[in-house]
1. Looking at the range 213-256 only, could you name the residues that are over 23 Å from HIS324 (Cα atoms) and outside any loop (DSSP other than H, G, I, E, B)?
2. May I ask you to say which residue of ALA229, ALA225, ALA304 is in contact with a Lys or Arg (Cβ under 8 Å, 6 or more places away or on another chain), crowded, with 16+ Cβ neighbours inside 10 Å, in contact (Cβ under 8 Å) with a residue 40 or more places away in the chain and closer than 27 Å to ASN192 by Cβ?
3. Taking the range 1-53, which residues are aromatic (Phe, Trp, Tyr) and either near the ligand (Cβ under 7 Å from one of its atoms) or not in a loop (DSSP other than H, G, I, E, B) (or both)?
4. Do we find that VAL118 is crowded, with 16+ Cβ neighbours inside 10 Å, in contact (Cβ under 8 Å) with a residue 60 or more places away in the chain and either assigned to a strand (DSSP E or B) or charged (D, E, K, R) (or both) in this structure?
5. Kindly provide the set of residues from the range 145-172 that are more than 16 Å from the ligand (Cβ to nearest atom) and either more than 29 Å from HIS125 (Cα to Cα) or of a type in the set (A, V, I, L, M, F, W, C) (or both), ordered by number.
6. Criterion first (more than 21 Å from TYR181 (Cα to Cα), of a type outside the set (Ser, Thr, Tyr), away from the ligand (no atom under 14 Å from the Cβ) and not in a helix (DSSP H, G or I)) does VAL78 satisfy it?
7. Since GLU242 meets every condition but one in (1) acidic (Asp, Glu); (2) within 16 Å of the ligand (Cβ to nearest atom); (3) at pLDDT below 95, which condition does it not meet?
Amino acid sequence: MQTRIEVGILGATGMVGQNFIRFLQGHPWFDLKWLGASDRSAGKKYRDAMTWHFGALPETVADLTVAECKPGNAPRLVFSALDASVATEIERAFAQAGHVVVSNSKNHRMDRDVPLLVPEINPDHLRLVPGQQRARGWKGQIVTNPNCSTVGLTMGLGPLKPFGITRVIVTTMQAISGAGYPGVASMDITGNVIPYIGGEEEKMEQETQKILGEFRGDHIEPLAARVSAHCNRVQVVDGHTETVSVEFSSKPAHAELRAAFENFASVPQERKLPSAPPHPVIYLSEANRPQPRKDVERERGMAAFVGRLRPCPVLDYKFVVLSHNTIRGAAGAAVLNAELMHSEGMLD
Ligand code: NAP
């Protein structure tokens, strides 16, 4: 029988922390036992330390006492949803003390020796971890998941990588939940589009090249494709929609690309990891899909929905991809990372 693994959350009171709590409810492997936040929240019962945003507060956490984010009493495996202003130091302190830190924060994503993982796309990048531990003298480790808009793009591009991706132009329509709570003021976003999300375009461009890059012993050689991102905030609650144009070094036929999307499966599916969707990329053939309202909650928010594959008069082909920004783009992504790590024996 599977041994259950105790887990904690760094930054448990925030929006992403709450998404972790929701996503971990009833998890077949992981038992949520520890919640950490700032000294403003530490010492309080969880129910009194935050404003819960998602219906009924799970009883399993309501009476847990929030701890300070200091290594010591936390379980070995911790998910991090820390504010970026504090994540660098706290995550390092936990890794140094022997914790496995599976982080959703941006701080360590681009570190040379830190895996930036999408389990279906680059599971082999976990091989960076032994070198990370050696170089930093850590018993623990840090593994990260990408920015919420990068996840959808890389799940859309990953199946097409064998055709030789050379250039990508992506335009996002990003949900307001991606800005946390309270996020963008209602007066600013209602009936409006905001064509700027600070730092997002650079993150999408660099993270995509790293995720689609090749493991080279002690680092990842980024994909040598040029990536240009336009990022926009739109009045959608959950789900980032992205329109993508892509150029290939080979000149694949439409049917080959379509088959690549439809037949795509990877390590998480082979190993039947608990949070892995049976089909990580779902191609929708209707002319007007995917749409956030109709599609984003399907497959527990863990699949990427692709549609409208057609020739592009500027690059080679274009398509639409939709993914759930707070599930596949945050909590669900990190939990799937930890499941992959467990299946590799990295949590033993
Ligand atoms: P948030 O709601 O502001 O929550 C931040 C969390 O960090 C809270 O639990 C807060 O605890 C804790 N914290 C702040 N200062 C601390 C300190 N000095 N020591 C210990 N804990 C401290 O932020 P969020 O929207 O959940 O985002 C969390 C992280 O995920 C960020 O790095 C963000 O960039 C990333 N992210 C967010 C989204 C999203 O959809 N929102 C998506 C992807 C990635 P207190 O309540 O005690 O202050």
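1. Within the range 213-256, GLU214, PHE215, ILE220, GLU221, ARG226, GLU247, PHE248, HIS254, ALA255, GLU256 qualify.
2. Of ALA229, ALA225, ALA304, the one residue that is in contact with a Lys or Arg (Cβ under 8 Å, 6 or more places away or on another chain), crowded, with 16+ Cβ neighbours inside 10 Å, in contact (Cβ under 8 Å) with a residue 40 or more places away in the chain and closer than 27 Å to ASN192 by Cβ is ALA304.
3. PHE20, PHE23, PHE30, TRP34, TYR46, listed by residue number.
4. When the stated conditions are applied, VAL118 does not pass them.
5. LEU157, LEU160, PHE163, ILE165, VAL168, ILE169, VAL170
6. It is false that VAL78 is more than 21 Å from TYR181 (Cα to Cα), of a type outside the set (Ser, Thr, Tyr), away from the ligand (no atom under 14 Å from the Cβ) and not in a helix (DSSP H, G or I).
7. (3)
One line per residue, one yes/no per condition, for (1) closer than 25 Å to LEU82 by Cα; (2) within 15 Å of the ligand (Cβ to nearest atom):
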site: GLN174; (1), (2): yes, yes
site: MET187; (1), (2): no, no
site: TYR196; (1), (2): yes, no
site: GLU202; (1), (2): yes, yes
site: GLU207; (1), (2): yes, yes
site: ARG226; (1), (2): no, no
site: VAL267; (1), (2): no, no
site: GLU270; (1), (2): no, no
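The values are calculated or read from the model by the stated rules, or taken from the named source; none is laboratory data. Predicted, not measured: the structure shown is a model, and the values here were computed from it. Here the Cβ is made from the backbone with ideal geometry for all residues, glycine too, and neighbour counts use every protein chain on show.
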